[in-house]
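Have a look at the structure below, then the notes.
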Amino acid sequence: IPSPSLLPSQTQWLTCFFPIYFLAKPTLPTNFEENTWATLKSAISSIFLKQPDPCDLEKLYQAVNDLCLHKMGGSLYRRIEKECEAHISAALKSLVGQSEDLVVFLSLVEKCWQDFCDQMLMIRGIALYLDRTYVKQAPNVRSLWDMGLQLFRKHLSLASEVEYKTVFGLLQMIESERFGEAVDRTLLNHLLKMFTALGIYLESFEKPFLERTSEFYAAEGVKYMQQSDVPDYLKHVEMRLHEEHDRCLLYLDVSTRRPLVATAEKQLLERHISAILEKGFMLLMDGNRMEDLQRMYYLFSRVNALESLRQAISSYIRKTGQDIVMDEEKDKDMVSCLLDFKASLDTIWEVSFSKNEAFCNTIKDAFEHLINLRQNRPAELIAKFLDEKLRAGNKGTSEEELEGTLDKVLVLFRFIQGKDVFEAFYKKDLAKRLLLGKSASIDAEKSMISKLKTECGSQFTNKLEGMFKDIELSKEINESFKQSSQARTKLPSGIEMSVHVLTTGYWPTYPPMDVRLPHELNVYQDIFKEFYLSKYSGRRLMWQNSLGHCVLKAEFPKGRKELAVSLFQTVVLMLFNDAQNLSFQDIKDATSIEDKELRRTLQSLACGKVRVLQKHPKGREVGDDDSFAFNDGFTAPLYRIKVNAIQMKETVEENTSTTERVFQDRQYQVDAAIVRIMKTRKVLSHTLLITELFQQLKFPIKPADLKKRIESLIDREYLERDKNNPQIYNYLA
């Protein structure tokens, strides 16, 4: 170090000496490990024996720290393990032979487990440094907590009586709860958590628990199916499944939920699917039990049994529908019953079956099957039902209600295979409504035509639309006729006449019925014919007398009335302008009306509710020797009176004739389809031809009928059989 008093050139250096001391290596006190362990052992024993220990926790923690720092952690770990094992073993052995009361015994086990958990937590707290150093660094060494669990599990399995009695007690408590008894759920929760913590829950508890559950519900399922009706049984099953779900939330391990619920479902539901459906499905459907059906659907979906339910509803619809369709005595109400049935099924499908698409298709298929069990009758009756709804006189029915009814009927129409039968009857009834002015609403009529057009195409409704065009055109023709010179100069006075000019191809075919008209009506017809042919040259008019209707003014001694009658009734009544009394033969000669039609006409005038004529002798049938007289005593509260036109009511012959025309049209369609196919293919086997015909034809037909049409075309030389193979047809150009 330079001296500050000297110049730089005279600097002198001083040397300082710093002595170095070497410390000796410290040595552990004699018996350090033994003494330290003795202190820790005393503390561990005090913890297990629940006694106070004179040594405070800080000193105990420091003792563990010292042992670990001096590489004595392994020895300490083994000594702690040995000490814990001794106390745990003693605690579990003390439970052997304890109380026969299972609940008391389970409480003792829970107390033992809770004590063990508290004690191990305290020991782990003292030896925390051991856990953080030695345990982490040494391979395959458990933490103190896991070591304690392993010891508890080991000695619990050695004390087999304790384990068995614990499991048995748990199962008994759960079964008691299933029988409705109150149990200590907290006790159950703690003990089952003990099993989970020890890693023996699955093997020691869950397996026997599921077996016991299966036995319990197997017996209960059989018992309740015998004692209860289906709605109550389903409610019971639903309640049981909720209980088991809650049980999992309250004290069972979460992993048990799925196998537990599956076990209950199998024994209560899966085993009894057929019995449930056989015993109660029809009852629920007939009673419209929406809530119970919804419960059934929900429960069946849990066990993948919806296919069985779907088949059951198909069978139910077919059986119930067959009772509706095949009962000829109830034909009058068939359509109403089918509409109600379909509406009920739709509601059940929406509310109870969650709008399941497969169920929707099943309902459609079953409905199509049942409605075509009688090939043509349902189509005819649906047309008649529409006629009733669209005909004037339906009081209390709003336009919205009528529109809704049309939509519902259209659903039934979709299921009909013989739509041509429906068309024939609908066209015939529509013609009557239009010609007699019986339509409730022209808008509703046109709406129905529009719906049919949307469903089946314009070809289906072409003739129906043509009928409306004829009616509209007839109005214009009548207006023009009234303004014409013929009408102004030649028409007889006191008569007003309106004529419907109909296109033959659009309207139904009506049999010609001759009648000798009064002179006034003949004159009117001739004048109109002259006017029409002068305007539309080249056309031919044919008068359809059976469709005519009139309003007659009648002078009775008790007052003037207007009578709404048919043309045949008009012709008969006008005879009594010149005679007071006429025999049946006189009337027949004067009118030239066909015998059967005349008898029906006279019945309506003399034997019905409105008796404008008197018949001698009295009776409901008209005989050859009967005579008729003007009824001087006739009276009625209304001014205009409708005399029921019996001849306009459909007869069996008329229906048969309509059906026969449909079948004839079908034959033409089959012939045309065969020729069309063969013209394209030239050569075709019988099987392939039949297959293509079924694809093209829109109505049901038997293979035998198709074979007859093929034979007919062979006879008419449209087709020929192959010389080498008679099952192959050739088209003859």
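The values are calculated or read from the model by the stated rules, or taken from the named source; none is laboratory data. These figures come from a predicted structure and were not determined experimentally. Because the Cβ atoms are built from the backbone with ideal geometry, glycine has one as well, and the counts that use them run over all protein chains shown. Side chains included, ligands, DNA and RNA excluded: accessible areas come from the protein's heavy atoms. Shrake-Rupley method; radii C 1.70, N 1.55, O 1.52, S 1.80 Å.
Of the solvent-accessible surface of the chain, computed with a 1.4 Å probe and all protein chains present, 51% belongs to carbon and sulfur. Under 5 Å from the amide H of SER583 lie the amide H atoms of PHE628, each residue being 5 or more positions distant or on a separate chain, with H modelled from the backbone and absent for Pro and chain starts. DSSP bridge analysis restricted to the chain gives an antiparallel fraction near 90%, rounded to the nearest 5. Positive-end ranking of LEU390, VAL411, LEU436 along the dipole of the stretch 377-464, with charges on Cβ about the Cα centre, is headed by LEU436.
Looking at (i) 168, 92, 78; (ii) 82, 80, 54; (iii) 102, 78, 54, which value of Cα extents along the principal axes in Å comes from a calculation on the structure shown? Here the calculated entry is (i).
Of all aspartates and glutamates in the structure, the ones whose alpha carbon falls short of 12 Å from that of LYS682, not counting any fewer than 8 places away in one chain, are GLU720, ASP722. Think of the stretch 57-118 as having a plus end and a minus end, set by charges on the Cβ of Lys, Arg, Asp and Glu; of CYS68, PHE116, LEU106, CYS68 sits farthest toward the positive end of this dipole. Toward the positive end of the charge dipole of the stretch 141-267, with +1 on the Cβ of Lys and Arg and -1 on the Cβ of Asp and Glu, the farthest Cα among GLY148, GLY180, PRO259 is that of GLY148. At the residue level, LYS558 shows approximately 140 square angstrom of accessible surface with a 1.4 angstrom probe and all protein chains present. In the chain, the longest principal axis of the Cα atoms and the axis of helix 73-93 are about 60 degrees apart. Each Lys and Arg adds +1 at its Cβ and each Asp and Glu adds -1 at its Cβ; summed about the Cα centre, the chain shows a dipole of about 2000 debye. Whole-Hz Karplus values for the stretch 629-641 come out as 9, 5, 8, 5, x, 5, 8, 7, x, 8, 7, 9, 10 Hz, taken residue by residue from phi with 6.51 cos²θ - 1.76 cosθ + 1.60 and θ = phi - 60°; glycine and proline positions read x. Qualifying GluC sites (Glu not before Pro) in the stretch 480-554, where qualification requires a DSSP coil assignment and no more than 13 other C-beta atoms within 10 Å, comprise GLU496. In this structure the chain gives 55 Å² per residue of accessible area when probed at 1.4 Å with all protein chains present. Using Cα positions and a limit of under 18 Å, work out the aspartates and glutamates in reach of LYS136, with same-chain residues fewer than 8 apart set aside. Qualifying aspartates and glutamates at Cα under 18 Å: ASP66, GLU81, ASP146. Over the chain, DSSP H runs of length four or greater, each weighted -39,500 (n - 2.57), average out per residue to a 222 nm ellipticity of -20500 deg cm²/dmol.
When peptides 364-375, 562-573, 607-618 are sorted by average Cβ neighbour count within 10 Å, with the highest value leading, the order is 562-573, 364-375, 607-618.
In cubic angstrom, how much convex hull volume per residue do the alpha carbon atoms of the stretch 76-170 span?
Taking only Cα atoms, the stretch 76-170 has a hull volume of 88 Å³ per residue.
The GluC sites (Glu not before Pro) of the stretch 62-122 that meet both conditions, a loop assignment by DSSP and at most 10 other Cβ atoms within 10 Å of the site Cβ, are GLU100. Peptides 425-434, 634-643 ranked from most to least packed give 425-434, 634-643, packing being the mean of other C-beta atoms within 10 angstrom over each peptide's residues.
Straight-line reach from LYS59: taking Cα to Cα under 16 Å and skipping same-chain neighbours fewer than 8 places apart, the lysines in range are LYS41.
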